[in-house]
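The values are calculated or read from the model by the stated rules, or taken from the named source; none is laboratory data. Values in this document were obtained by computation on a predicted structure and should not be read as measured data. Cβ sites come from the backbone with ideal geometry, for glycine too, and all protein chains shown count toward neighbours. Remember, those area values only see protein heavy atoms, side chains included, never the ligands or the DNA or RNA. Shrake-Rupley method; radii C 1.70, N 1.55, O 1.52, S 1.80 Å.
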Amino acid sequence: MAVAKTLFWGALGALAWTHVGYPVAAGALARVRERRVAKDPSAEPTVALVVAAYNEEDVIERRLENLLALDYQADRLELVVASDASTDRTNELVEAVAAREPRVRLLDCPRGGKVAAQDRAVRETESDVVAFSDANSTWAPDALRRLVANLADPEVAYVCGRLRLEEATGSNREGLYWRYELWLREQESRLGSVTGGNGAIYALRRGDYVEVDPRWGHDLSLPYRMVQAGRRAVYEPAALAFETPTPTNEAEHARKVRMFEHCWEITLRGSMLRRLPRGYLASVVSHRVLRYSSGPTRAEWMVHS
């Protein structure tokens with residue numbers, strides 16, 4: 001009975017800490033121990049912006065039009081579509097755009113998944129910075145400038161932007177959980193480094209890019225790898241990307257379950273908790289590991305909020 005009570009109260013305490021205590025502590029510490037980023041709004045390094053795509057014929061032309069319209073010097077930006085063995089008209093449509101726009105390039109990759117396609121794109125480009133986005137996202141005109149301004153700080157290796165969830169009509173669909181998560185990401189960034197990124201909008205210095213297990217993805221694996229290397233992974237809320245939310249709760253729940261599986265793979269097999277500064281290790285355990293342990297509850301909250 002004593003063991004059962006200890007386990008019960010321990011689990012309850014862990015839930016309270018990860019969902020309430022840690023966010024409050026992070027917000028308070030960020031006010032008094034903020035590590036500012038030395039941004040340079042005029043920075044304009046060469047950038048290879050990679051869009052990994054698999055059967056994206058419905059959106060790929062619109063995506064390229066959006067990226068070609070970015071407020072960034074044309075001769076310093078290359079757009080690379082890494083097609084993961086698409087079987088629809090994705091490659092044909094990209095090649096048509098590339099024929100009239102030299103900044104666009106198609107990489108027809110063998111089927112290997114998103115991360116494998118991204119890795120190949122990085123290997124086959126030579127820019128100062130590599131940036132990444134999804135085929136179904138849209139970036140604000142100044143999003144890339146906002147990202148690379150942070151990379152002017154020599155301590156910063158990785159920066160992610162803010163994803164806004166909107167209906168096709170433009171109405172905001174950000175639920176309580178998403179607003180809470182973005183706020184917490186900002187507090188972690190102010191403390192030093194974020195514990196998770198966003199696949200819709202992020203960038204790294206080329207020299208800091210690392211290839212990870214393709215099953216894990218970049219959102220969770222790249223930030224802690226940057227910190228292990230003595231660098232920073234930060235969040236830039238002014239760099240905006242837009243997407244429409246998952247159409248059904250069932251589809252979103254299934255996506256979250258797959259995400260939790262990958263999270264535990266990274267935690268158990270990806271050296272996630274090794275060689276980290278104590279403060280960042282506490283953030284990873286509090287924000288990530290304890291959250292993964294409460295996965296079913298968290299997934300339901302994310303779906304219904």
### Query
Extension gain residue 243-residue 87, at 0.36 nm per residue separation less the Cα-Cα distance, in nm?
53.8 nm
### Task
First measure r as the distance between the Cβ atoms of residue 43 and residue 229, then evaluate 1/(1 + (r/R0)^6) with R0 = 25 Å and state the FRET efficiency to the nearest 0.05.
0.70
### Task
Find me the longest stretch of the chain that has none of the exposed trypsin sites (Lys or Arg not before Pro), where exposed means in a DSSP loop (not H, G, I, E or B) with at most 16 other Cβ atoms within 10 Å.
112-172
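Provide the per residue accessible area, probe 1.4 Å, for the range 61-139, rounded to a whole number of square angstrom. Mind showing how you got there, number by number?
Numbers: 3570 Å² over 79 residues.
For the range 61-139, the per-residue accessible area is 45 Å².
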### Task
Could you please state how large a percent of the accessible area of the chain is carbon and sulfur, counting protein chains only and using a 1.4 Å probe?
54 percent
## Note on the structure
Full extension between residue 265 and residue 6 adds, at 0.36 nm per residue less the Cα distance, a length in nm of 90.5 nm
### Query
For the range 203-227 and the range 1-36, what is the separation of their C-alpha centers, rounded to whole Å?
27 Å
### Query
Given a cut-off of 21 Å, what percent of all Cα-Cα pairs of the range 47-125 lie beyond it?
20 percent
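Full-extension gain between residue 74 and residue 17, please, as 0.36 nm times their residue separation minus the C-alpha to C-alpha distance. Let's see the in-between values first.
Working: separation 57, 0.36 × 57 = 20.52 nm, distance 4.76 nm.
The residue 74-residue 17 span can extend by a further 15.8 nm.
What FRET efficiency would be calculated for the residue pair residue 124, residue 61, taking the C-beta separation as r and a Förster radius of 25 Å, to the nearest 0.05? Before the final figure, lay out the partial values.
On the way: r = 23 Å, r/R0 = 0.90.
The value I calculate is 0.65.
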### Message
For a quick check, take a GNM of the chain with Cα springs below 10 Å and name the residue from 187, 118, 73 with the largest mean-square fluctuation.
### Response
73
